[in-house]
4 protein chains.
Amino acid sequence: MREALKSKLYEIIFEAETPEGKAYDVFLIISIIISSLLIMLESVVSIQMTYGTLLFRLEWFFVILFTLEYFLRLYVVKRRRHYAVSFFGFVDLLSILPAYASIFLPTARFLMLIRVFRLLRLFRIFKMVRYVEESGTLIRALRASRPKITVFLLTIVFIVVLAGALMYIVEGPQYGFDNIPESMYWAIVTVTTVGYGDISPQTPIGKLISSLLMVIAYGIIAVPTGIITSELSAAEKKSVKLATCPHCFSEDHAVDAVYCNKCGGKL
Amino acid sequence: MREALKSKLYEIIFEAETPEGKAYDVFLIISIIISSLLIMLESVVSIQMTYGTLLFRLEWFFVILFTLEYFLRLYVVKRRRHYAVSFFGFVDLLSILPAYASIFLPTARFLMLIRVFRLLRLFRIFKMVRYVEESGTLIRALRASRPKITVFLLTIVFIVVLAGALMYIVEGPQYGFDNIPESMYWAIVTVTTVGYGDISPQTPIGKLISSLLMVIAYGIIAVPTGIITSELSAAEKKSVKLATCPHCFSEDHAVDAVYCNKCGGKL
Amino acid sequence: MREALKSKLYEIIFEAETPEGKAYDVFLIISIIISSLLIMLESVVSIQMTYGTLLFRLEWFFVILFTLEYFLRLYVVKRRRHYAVSFFGFVDLLSILPAYASIFLPTARFLMLIRVFRLLRLFRIFKMVRYVEESGTLIRALRASRPKITVFLLTIVFIVVLAGALMYIVEGPQYGFDNIPESMYWAIVTVTTVGYGDISPQTPIGKLISSLLMVIAYGIIAVPTGIITSELSAAEKKSVKLATCPHCFSEDHAVDAVYCNKCGGKL
Amino acid sequence: MREALKSKLYEIIFEAETPEGKAYDVFLIISIIISSLLIMLESVVSIQMTYGTLLFRLEWFFVILFTLEYFLRLYVVKRRRHYAVSFFGFVDLLSILPAYASIFLPTARFLMLIRVFRLLRLFRIFKMVRYVEESGTLIRALRASRPKITVFLLTIVFIVVLAGALMYIVEGPQYGFDNIPESMYWAIVTVTTVGYGDISPQTPIGKLISSLLMVIAYGIIAVPTGIITSELSAAEKKSVKLATCPHCFSEDHAVDAVYCNKCGGKL
């Protein structure tokens, strides 16, 4: 009896196959979005002043709701430890922990925004398998080009360290380049073309070096794009289903192949 | 008789096949451009001071002209409701409504700039079918990669929410990160590499987090480019119509091929 | 006799085949670079104060030199009018005219920097035919995607006009959005991700609209890259030399073709 | 005996095949990272005030260590001159020289950060041959598109010089465009979409020119990306080794093909 209830609850809470399971997930996602917006609004001083008490109560309502849900999840799941250390288990826990930490350290409660990750369950409700597959394609494309990306990031590190040191020597603290870490922060802001302008070169030599750095960065910004584009194109080609040999059942024959390239039989 | 006039007017106003129809469209487009420039100029204080009355009169001249034209369009069109709820019907209406709203709320009249959308009729005059087709290719390319784009936008949302919350905690209101929505605005300004510099990190830890965010954004900016490029390349390949050989069933023959390049049979 | 001299001079001045012609071009290019640097330096107040007279004399030395050269070119060339209205003819003239205009309007002389275009002759000296070809590839790639680029630019115009009008209404002159042209300038600075920060949204609604604009721009920036990349890839494929049929001499057969796709003969 | 020791030391210091050689390299890399961080920290005033003496001693400890190591390398290597003028020989020397120069010119010591280049030895320890190959692919891709890149850079130079001169005339020193080199610096900051905002157009005409420049830059930024992407795609295709059929001479057979997919013969 109790096992049946647990199994039923498991179906509702963890799965989205049954109407109840789906309804539960929709309800959960709406709760997550509302509670996240509440946390954001709470940080706005003028709203906090007027609706502070209301927001505080609503926030704790959701915290208690999510806490109860977390324990319910732990209760109904079969492999408790497995859930607890899984990605979603961690996210579920980290979505409520900051609330309790905020009793001692008030600002900590904003870390509850980590609960936006719970929205990843969205994919399950809408059966967005294709979306998950696509993100798989993206991740595979990125993984395939890991060596290129490593070389690229190392190049960025070299450029940032050297440009940082050089600009610190050339411009120095009197022009805002207070120290090398600060100079390196400036170099990153420049190389990524963000360009806040909180620190900017003032001396002619500094401006010359910066100009060179920007033109180099202009070329470098093309590299990750080139990597990802060529990997994505390659991944797309692979995803095109190719003929299967009727003799040896080997796959991946070229579109214009006449004979199987594994057994030599006619396709 | 009246029907003949309506039909004639329809041809002039709605089509661009006859010389009169073409002349009407050219006149309309010039009117739209002039009236749009007038609205822009009217917002400039110094011009408003000197030429205010003239601009006011010219503006209302165009508003009345476009209003009359709107009713004329409604009069001559056969499927009145169909036009009224179509894209162009809406744009035509929204191009004049703000003028009347401005009687009560003066600044509303600048919304009349929505009339620039009427310029889309340009494509009809110059028979830029190819251009419309091309924009179709762009839109199809974007639609085909909707799952990838959704995954990408969701990633941006996650990064922006988390970076926003983190920076609000680390930097706080004393350094311009007034509240979480403000922090999220900063995160968007940073991730998109716009970098106004109206808000920028001041603490060492904030600068470190920002640096990481920028390098991550540097890689992420490559994703939409990669998606669109690979879709455009694929779309271009598909748009080339390929023949199949009726003898050996080989595919991918060039558009101008007469004989199969695999078996030599006539296509 | 005079004709022989003219012909010889033509060879030296206009061509780079003979050693004298090459030497002349090298001398010319060095003169152009030096005189351009002189003009740049002249605009620096501190240098102007100290070396003003020297710079003034050197500048006029080059102006007179280039003027004499321009008349010499006109003298030796056969089709005088043809040269005078050619690209290089115009550039050669525009490189000296501002000097004479500067007698009446001093700042006009900085327009002489238009002479950097004369550096395009560089390609001739170093016989950088391949470079010219490559720039041809770039230009052809751009021309091939003109319809896409037109659609793209029109999209930018629509976004900029609407975002400009909207932000002017939302933010208004009290926050730096002085008028619609100014607002449109801000929209361009934002959409292109330049982000000076001289004007930036101050109201919550303005920041929300800006955030949306930036995310949209983030996607739009991918479009020209996608267009150019796919055109360049296509252009590169075409440049691969393909088999010629020995029977009908048609070209462009696929790499793996066995029979000619025009006459059916064996390749 | 002495030769055996030299040979043994050579193996340890220059190679990473033996356990000792590997251990040595790991130790070296950790030393480089620590000493680099020390130099960075030393530039921070507050840290310098508190831990100045400690940092000074640690820094000189590493300088002496690296100096001894440099002489040891010179001692054990067979082709002394060859090492001294090699890339790594130069980097090893430049990693210590600034320390001695700093006795006369204190800020010079920050140039020691050039030692980050010694980290390139990382690739040797982890036998990241694939990474080196990949960076080779990147470099080859860049080299292959040198003509395109030259044309592109020359275009940038032309745009920057002309935009710089034009904006200096239009805006002038009263709006921060102090001189032409300064204006050119602004043009580079704008074209690369960095946009610090330290200098920004103030006059309506200046803003119009800037807007045009930004839209042009928006298109130009796509060019290097297009170049690198198409080269990378091409490089990837070439790197796949393809077999030719000995019977029918068809090419482009898959890497794992056993039979020709055109004539069915054994490869």
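The values are calculated or read from the model by the stated rules, or taken from the named source; none is laboratory data. On a predicted model such as this, the values are computed, not experimentally measured, just so you know. Every residue, glycine as well, gets a Cβ built from its backbone with ideal geometry; the counts of neighbours run over all protein chains shown. Surface areas here come from the heavy atoms of the whole protein model, side chains and all, with no ligands, DNA or RNA. Shrake-Rupley method; radii C 1.70, N 1.55, O 1.52, S 1.80 Å.
Considering only protein heavy atoms and a probe of 1.4 Å, how much of the accessible area of the range B:2-125 is carbon and sulfur, as a whole percent? Can you show the working numbers first?
Numbers: 5170 of 6910 Å².
The computed percentage sits at 75.
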> With every protein chain present, what accessible area does D:ILE33 have (1.4 Å probe, heavy atoms only), rounded to the nearest 10 Å²?
Replying inline: 80
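With every protein chain present, what is the per residue accessible area of the range A:133-234 (1.4 Å probe, Å²)?
Details: 3420 Å² over 102 residues.
Accessible area per residue: 34 Å².
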> Based on the alpha-carbon gyration tensor of the range D:53-202 and its eigenvalue square roots a ≥ b ≥ c, which shape applies: rounded if a/c is under 1.5, prolate if not and a/b is larger than b/c, or oblate?
Replying inline: oblate
> Structure shown: which of A:LYS148/B:LYS148; C:LYS148/D:LYS148; C:LYS6/D:LYS148; C:LYS207/D:LYS207; A:LYS148/A:LYS207 lie over 28 Å apart, alpha-carbon to alpha-carbon?
Replying inline: C:LYS6/D:LYS148; A:LYS148/A:LYS207
>> Assume the label is 7 Å from Cα along Cα to beta carbon: what separations in nm does C:PHE158 have to the matching positions in the other copies?
In response: 3.2, 3.2, 4.6
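Length gain on complete extension for the stretch A:ILE47 to A:ILE33, per 0.36 nm per residue less the alpha carbon to alpha carbon distance? Please list the in-between numbers first.
Values: separation 14, 0.36 × 14 = 5.04 nm, distance 1.83 nm.
Length gained between A:ILE47 and A:ILE33: 3.2 nm.
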> In the calculated pair distance distribution of the range D:30-123, what percentage of Cα-Cα distances lie above 23 Å?
Replying inline: 25
> With every protein chain in place, what's the accessible area of A:VAL85 (1.4 Å probe, Å², nearest 10)?
Replying inline: 90
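Rank these by accessible area, largest first, 1.4 Å probe: B:GLU20, D:GLU17, D:GLU11. Display every interim value, and only then the final one.
Numbers: B:GLU20 90, D:GLU17 140, D:GLU11 60 Å².
If we order B:GLU20, D:GLU17, D:GLU11 from most to least accessible, we get D:GLU17, B:GLU20, D:GLU11.
Using C-alpha positions alone, give me the convex hull volume of the range D:153-200 per residue in cubic angstrom.
Numbers: hull volume 2.6 nm³, N = 48.
Dividing the Cα hull volume of the range D:153-200 by its residue count gives 55 Å³.
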> Tell me: how much accessible area in total is hidden between D and A, 1.4 Å probe, Å², nearest 100?
Replying inline: 4600
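Counting only protein chains, not ligands or nucleic acids, how are C:ILE64, A:ILE159 ordered by accessible area (probe 1.4 Å), most first? It would help to have the intermediate numbers written out before the result.
Working: C:ILE64 90, A:ILE159 35 Å².
Largest accessible area first, the residues go C:ILE64, A:ILE159.
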>> Taking a ≥ b ≥ c as the square roots of the Cα gyration tensor eigenvalues, with a/c under 1.5 meaning rounded and otherwise prolate when a/b beats b/c, else oblate, which class fits the range B:3-83?
In response: prolate
> What spacing in nm lies between the two simple spin-label points modelled at A:VAL85 and A:ALA4, each 7 Å away from Cα in the Cβ direction?
Replying inline: 3.5
>> Label position 7 Å from Cα toward Cβ: report the copy-to-copy distances for C:GLY136 in nm, one decimal, ordered from shortest.
In response: 3.4, 3.4, 4.8
> Which of the residues in the range D:14-52 show a loss of at least 30 Å² in accessible area from their chain by itself to the complete set of protein chains, at a probe of 1.4 Å?
Replying inline: D:MET40, D:SER43, D:VAL44
>> Give me the percent relative contact order of the range A:167-209, please, defined on Cα pairs under 8 angstrom at least 6 residues apart.
In response: 45
>> Let me see the P(r) profile for the range B:133-234: every Cα-Cα distance counted, bins of 10 Å, each bin given as a percent of all pairs.
In response: 15, 40, 23, 15, 6, 0
> Percent of accessible area on the range B:133-234 owned by carbon and sulfur, 1.4 Å probe?
Replying inline: 68
